[in-house]
1. Counting only helical runs of four or more DSSP H residues, what would the 222 nm mean residue ellipticity of the chain come to if each run contributes -39,500 (n - 2.57) and the total is spread over all its residues?
2. Which label marks the calculated value of Cα extents along the principal axes in Å, given the options (i) 66, 37, 29; (ii) 60, 32, 27; (iii) 91, 37, 30?
3. When only the heavy atoms of the protein chains count and the probe is 1.4 Å, how do R107, R3, R76, R115 rank by accessible area, highest first?
4. Compute the distance in nm between two label points, each set 7 Å from the Cα along the Cα-to-Cβ direction, one at T22 and one at E100.
5. Roughly speaking, what is the stretch gain from S126 to M73, that is 0.36 nm per residue apart minus the C-alpha to C-alpha distance, in nm to one decimal?
6. Leaving out ligands, DNA and RNA but keeping every protein chain, what accessible area does D131 have, in Å² rounded to the nearest 10, with a 1.4 Å probe?
7. Report, in degrees rounded to the nearest 10, the 0 to 90 angle that the Cα long axis of helix 3-46 makes with the longest principal axis of the chain.
Amino acid sequence: MSRVGRALPGVQWILAVALLVTAGVVGTKAVREWRDGTAAQDASATSPDDAAPPTSAPPGAVRIPVLLLEGDMRVRIGDTASQVATLLGRGAEVGRFELERTDQGDRLVRFYQHREVRFLLVFSLSESPQDPTITDIFAY
């Protein structure tokens, strides 16, 4: 038997072990990323924000992470005031807004109505007073 013939089974075993180790590493990383992604998603969607609801929130207002509107429109926490204005137009604002000072900083509370849906958006003024981001959504 030649040297190549004798070495072939050893090379095959080494390649098989390397393939199994690679599959284990890739599988572990994939499961870890999937778990981290779903845990972060669950935490952001289900855990309430630490901030107290606005004092101007009507009784029965419900905090939600995403507001679904007609025509596949969505308003999400993290959207900016300019994105909301582009999506809904200025006509959706019912003209009422309030500025609240909290321990976490100033926040702007704006009231909206789109078709039959009434809601208020809470914007944080600490990061960008010119184009604040939504920190809370309340439907009522």
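1. When only DSSP H runs of four or more count, the value is -13000 deg cm²/dmol.
2. Of the labelled values, this structure produces (iii).
3. R3, R115, R76, R107
4. Result for the modelled spin labels: 5.6 nm.
5. Full extension from S126 to M73 adds 16.4 nm.
6. Near enough 50 Å² of accessible area.
7. It is inclined by approximately 10 degrees.
The values are calculated or read from the model by the stated rules, or taken from the named source; none is laboratory data. Just so we're clear, the structure is a prediction, and the values are computed from it rather than from any experiment. Note that each Cβ is placed from the backbone with ideal geometry, even for glycine, and that neighbours are counted across all protein chains shown. These area figures cover heavy atoms from the full protein model, side chains too; ligands, DNA and RNA do not enter into them. Shrake-Rupley method; radii C 1.70, N 1.55, O 1.52, S 1.80 Å.
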